[in-house]
1. Residue 557 - would you say it is farther than 30 Å from residue 88 by Cβ and not polar (S, T, N, Q)?
2. List the pairs whose first member sits in the range 455-475 and is free of Cβ contacts under 8 Å to residues at least 12 places away in the same chain, whose second member is open to solvent by 10 Å² or more (accessible area, probe 1.4 Å) and among the basic types (Lys, Arg), and whose Cβ atoms are under 7 Å apart, counting only residues at least 6 apart or on separate chains?
3. Only one of (1) of a type in the set (A, V, I, L, M); (2) at pLDDT 90 or above; (3) over 28 Å from residue 39 (Cα atoms) is not met by residue 95, so which one is it?
4. Give the range 80-90 a look and list any residue that's crowded, with 23+ Cβ neighbours inside 10 Å and not hydrophobic (A, V, I, L, M, F, W, C), or say none.
5. I'm trying to understand the selection: among the residues of the range 57-79, which are assigned to a loop (DSSP other than H, G, I, E, B) and surrounded by 17 or more Cβ atoms within 10 Å (Cβ to Cβ)?
6. Being at pLDDT 90 or above, open to solvent by less than 30 Å² (accessible area, probe 1.4 Å) and either of a type outside the set (S, T, N, Q) or farther than 25 Å from residue 20 by Cα (or both) narrows it down to one residue among 243, 231; which is it?
7. Let me spell it out: the conditions are (1) hydrophobic (A, V, I, L, M, F, W, C); (2) under 18 Å from residue 67 (Cβ atoms); (3) within 30 Å of the chain's Cα centre (by Cα), and residue 174 meets all of them except one. Which number is the exception?
Amino acid sequence: MSSDHKHNLNKLSWGGLLISLGIIFGDIGTSPLYVFKAIFNKGEIQELMIYGGLSCIFWTLTLQTTVKYVLITLNADNKGEGGILSLYSLVRKKAKWLIIPAIIGGSTLLADGMITPAITISSAIEGLVIKTPNFPTIPVVVLIISFLFIIQRFGTNIVGRVFGPLMMIWFTTIGVLGISYLGHSPDIWKSLNPYYAYQLLATYPDAWFILGAIFLCTTGAEALYSDMGHVGKSNIRISWIYVKIMLILNYFGQGAWLLEHNGMLLGETNPFYAIMPDWFVIWGVTIATIAAVIASQAMISGSFTLIAEAVRLNIWPKVAIRYPSDHKGQIYVPSVNLILYLGCMLVILIFRESSNMEAAYGLAINLTFIMTTILMTVFMIRKRINAVLIGLFATVYTIIEVAFLVGNISKIAHGGWLTLLLAMSLFIVMYSWYGARKIKNRFVKFVNIRDYFPILSELSEDKSVPLFASHLVYLTSANNLYEVESKITYSIINKKAKRADVYWLVHVDVMDNPHTREYKVTQLIPGKLIRIDFHLGFREEQKISLLFRKVVEDMVKNGEINITSNYETLKKHNIPGDFNFVVLEKVISKTHFLKWNEKIITEIYKILKKLSLSEEKGFGLDSSFVTLERVPLTIPNTEEVKLTRL
């Protein structure tokens, strides 16, 4: 998608509104499929639970989704982009500890991505049981989910175009179904009174468990923020008005049906399908399945974006990231696709039915909500918003979300344990990768490159040393212009002297902005030692080989550098010299002096390193022009060695 076209979509427009329906509201839009089923949990239908449950749903959607996310959190946009890692990028300079809520939020959001397809598609397909009681739903669910994950590699650009109109049909359908049943019990509108919510939570014996079920109505709220970059906040805000009205109408229509059946056992009946006319059930199941697939697709795409950001922020191992189409933001991460698919299959294998999955669902996203509240509070402090408003925001949402958390914790034994297990596994991966990098950085020694100017100038001209490459390129992590890792000078001078016509130092600085693409060239020794600093946004692809080539081409065009080979024959025919990248892989060989927790992080990191992309592939370098050198960060001190000479 061109930047102009993307900018047009970010403006308020019919196209933007339609696309936001297709990619933003899938998860929250399919929640009426299972919320009431989870609240009553096959038990007796009671009046207090109907009124109280509906009141809780209405006020949760109002306070949590409308106020917190649509009105407040959407203002924390990072150059138009949203999501928990974009928010972290805005505040990370303020305090080091903010990485913890960012990692917890990221890992729980990914865990949620494993459960969303399983529960939404299962809930939709189970509607077929109404017409065919012994219908085998599990094989169909597995088939649909498998197909969904297989098509990711081909890009979902074409499918994306029809998502909007299909979700428009879905929301209109659920709204109309709700209205059609409201006449049966007009008293249901009393539920708008928050007193019923209070009464249910204060007097009902299993109130905490019900609160965990009510939370399911707002699980897709985080997606409103995560996908902001696709359509812009104004389109999300306006389309949410329509979505919320349709959701409320459907919930109240289900409530009217429940009031009509007060005192009966809910059993296997799903109020969502119960309010449908008999002739419409098959159509209803079809539309619900399409909506569930769209909700799942949005969750999978969101997970890919999250991982791409995490890789660039160094909180996830370097993995292959593919771009299956020219569509802006259209990415495919094969390893994450496999992780999510296996996670989905595990959820289906363990729980089998959507009614069993409800307990596992919600806990992960609840933790994401709390982490967003923490980061959002820091963001508001940074923006110097009125302290009273910040205090009010932090207090209100901490109380609401901790209350939901207690409700969700009560579901741990019933299936929440799986969510926690998945989220903890992902957290360990993220924290170990981040922590190991911090440990490694402690042992990296930097030297002043100016001290080496004379020797590098002489080495470049020294014909007694065989030419290693016409152009020798090193990647450096030194932020200071005149600093470089001691390992780089050691590699050039000591480890087998490397003569080159020109030495290059390339530094990549990951910016807090999502889409920055800038560079700066410094001729440290004119024509002999050149440093390039790339400033890349955290959503930009780090194809260093390609970017470096572009910079060199521009420099040649401007007459800043001559890259013609110095070999007599090649020089005569004006042929450019060769380029060789030297990648230094820093290895912690000895760990006995580390703390016990650092040793664990280092061991996990070693395993992850084997599974992740190599340094050269991670930076998009052509392996035929790369020399890889492993360098130990911790060299044993010879003073400690006791030897007796005979």
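1. It is true that residue 557 is farther than 30 Å from residue 88 by Cβ and not polar (S, T, N, Q).
2. none
3. (2)
4. 81, 82, 83, 86, 88, 89
5. Passing the criteria: 76, 77.
6. That would be 243, the only listed residue that is at pLDDT 90 or above, open to solvent by less than 30 Å² (accessible area, probe 1.4 Å) and either of a type outside the set (S, T, N, Q) or farther than 25 Å from residue 20 by Cα (or both).
7. (2)
Conditions (1) of a type in the set (A, V, I, L, M); (2) out of contact with any Ser or Thr (no Cβ under 6 Å at 6 or more places or on another chain); (3) open to solvent by 20 Å² or more (accessible area, probe 1.4 Å); (4) outside any helix (DSSP H, G or I), marked per residue:
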{"position": "166", "(1), (2), (3), (4)": "yes, yes, yes, no"}
{"position": "188", "(1), (2), (3), (4)": "yes, yes, no, no"}
{"position": "196", "(1), (2), (3), (4)": "no, no, yes, no"}
{"position": "199", "(1), (2), (3), (4)": "no, yes, yes, no"}
{"position": "205", "(1), (2), (3), (4)": "no, yes, yes, yes"}
{"position": "209", "(1), (2), (3), (4)": "no, no, yes, no"}
{"position": "237", "(1), (2), (3), (4)": "no, yes, yes, no"}
{"position": "247", "(1), (2), (3), (4)": "yes, yes, no, no"}
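The values are calculated or read from the model by the stated rules, or taken from the named source; none is laboratory data. Keep in mind the model is a prediction, meaning the values are calculated, not measured. Because the Cβ atoms are built from the backbone with ideal geometry, glycine has one as well, and the counts that use them run over all protein chains shown. Note: areas computed on protein heavy atoms with side chains; ligands, DNA, RNA excluded. Shrake-Rupley method; radii C 1.70, N 1.55, O 1.52, S 1.80 Å.
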